[in-house]
Structures are given as structure tokens and as C-alpha cells.
Amino acid sequence: RRIAYTALSWKWIGTSAPRVLLVYGAVGMLISMWMSNTATTAMMFPIGLSIVAHLARAGASGARQFGLVVMLMTSFAASTGGLGTPVGTPPNLIGIGMLELEAKVHITFFQWMAIGVPAAVLMFAFVAAQFCLAGARNLRLGEESARLVRDELVKLGRLSRGQRNVLLAFGITVVLWILPGVLALAGLDETPFARAFGEAVPESIAAMIGALLLFLIPIDWRS
């Protein structure tokens, strides 16, 4: 919610319905790259619903059609984002496992992203263009809509210690996942460090490290 409302409160979005729809969908896509598609949709749905409900109460012309494309964007953006990383949706991991088992082809986290992220971005661009044309291009949001987003962001308050811990654990996990690919791009994949890291921290261990950090990093260092 904090990520979504922060993105939607950016000044350049203003009262432009297409930009609101685009940023709303982009946030859903990016989050879905690292979370379950269903969980992302469930999280983004009330955010989109609050914007649509406000427009409906204000009697904005075209609000019904805009509400339709916002709700569709919630699920479509999550579905496209889920292709971006191996952990974006369970079928990705099943596919990687089957390739390794049946074809003896090992696909690293970074190799999947090299194909998955461009594919996800292209599909999202196509979906966003269609939805903007179908339900957002002729609608102008009032200043009240922008104020609604800012108010929701203010209600969330400052980042809590627990939220900072989650960001830290998430960031470390992502770095551990993509580091072998970065080393390969730099031509360092055959160095002793790269080989030792690949053996000691495969993708599954990196995920476990991130999960363990959530239990190990204190909320209150004094206590």
C-alpha cells in the first residue's frame, strides 16, 4: 500500500486518468514480480477500488468505464508481472524444474529475468495502451482524487522499524538471487568467489536467508 500510494502521489501524475491507470498497473506489475499474482491482486484491489469509488461518488463522467479498466488492470498487471522472475508465480518454478529434470537445462534466476522482464514489459505496455484507449483517455480526474491519494499516504505515517526490516530482508534476497548473473555479465563467473558463491547460495538458500532475516532482525534493538 505504501509503495502504491507513494507512486500515485507523484506530482507528474496530477489529475490525468491515463497516467493514474499506467502507474497503478506498473506498481502491480513490479510487485507481482516478487509476490504471488493472487496476493498482489488482493493487495492492489482495495487501492483501485477506493479511487473508483471516489469518482463514482463525485459523479464524474466516464467513471463507470474507468472503474472497469482499473479493476481489469489489477489482475492483468499482476499476471504479466508474474512472468518477470522465477518466483513471480509458481508455474515458473515448475517449468524451471521440468526443464532441468527432463532436458538437463539449468536456468538461473538472472537468465530467466533476461527473458521474462522484457516479455512482461511488452505485454504490460500492450495491455495498458488498450485500457487507456478503452476507458481513460477522455476522463479527467478532479483535484479531489489526487488529494485522496495523498491523504491515504499520510494515514500510513512514517516507515516503521518492521517495514524497514522487511525492505532490508527483501533487498538482500534480491541481491543474492541476481548476483551470479551480474558476475557472469562482468565475465567473473569462473572466478573462485563466483563458483563458491554459486555452490553455497543457490536460489533456494537465498530465499531461506531472506525469510530467516525476518525473524532475526530485531524490531527493538534495546529489548
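The values are calculated or read from the model by the stated rules, or taken from the named source; none is laboratory data. Bear in mind that the values here come from a model prediction, so they are computed numbers and not experimental data. Virtual Cβ from ideal backbone geometry, glycine too; neighbours counted across all protein chains shown. Heads up: the accessible areas ignore ligands, DNA and RNA and are worked out on the full protein's heavy atoms, side chains in. Shrake-Rupley method; radii C 1.70, N 1.55, O 1.52, S 1.80 Å.
Between F126, F66, F110, the residue with the greatest mean-square fluctuation in the GNM of the chain (Cα pairs under 10 Å linked by springs) is F126. Scanning the chain for trypsin sites (Lys or Arg not before Pro) in DSSP loops with at most 16 neighbouring Cβ atoms within 10 Å leaves 12-103 as the longest stretch between them. Angle, helix 203-216 long axis vs. longest principal axis of the chain, Cα atoms, 0 to 90°, nearest 10? It is inclined by approximately 70 degrees. A 1.4 Å probe run over the chain, with the rest of the protein chains in place, finds 58 Å² accessible per residue. Once Lys and Arg get +1 and Asp and Glu get -1 on their Cβ, which of P18, V149, T108 lies farthest toward the positive end of the dipole of the chain? So the residue we want is V149.
Of the chymotrypsin sites (Phe, Trp or Tyr not before Pro) in region 185-223, the ones in a loop by DSSP (not H, G, I, E or B) with at most 11 other beta carbons within 10 Å are W221. Which whole-number percent gives the relative contact order of region 160-223, counting Cα pairs below 8 Å spaced six or more residues apart? Computed value for region 160-223: 51 percent relative contact order. In terms of accessible area, using a 1.4 Å probe and ignoring ligands and nucleic acids, E100, E199 rank largest first as E199, E100. Return one number: the angle in degrees, 0 to 90 and rounded to the nearest 10, between the long axis of the Cα atoms of helix 161-185 and the longest principal axis of the Cα atoms of the chain. Between the helix axis and the principal axis of the chain, the angle is about 60 degrees. Calculate how steeply helix 63-81 sits against the longest principal axis of the alpha-carbon atoms of the chain, using the helix alpha-carbon long axis, and give the answer as 0 to 90 degrees to the nearest 10. On a 0 to 90 degree scale, this one is about 0. Here the accessible area is traced with a 1.4 Å probe on the protein chains. For region 124-176, carbon and sulfur cover 62 percent of it. For the chain, a simple Cβ point-charge model (Lys and Arg +1, Asp and Glu -1, everything else neutral) yields a dipole of about 1060 debye relative to the Cα centre.
In the context of the full protein assembly, W12 retains an accessible surface of approximately 130 Å², using a probe radius of 1.4 Å and ignoring ligands and nucleic acids.
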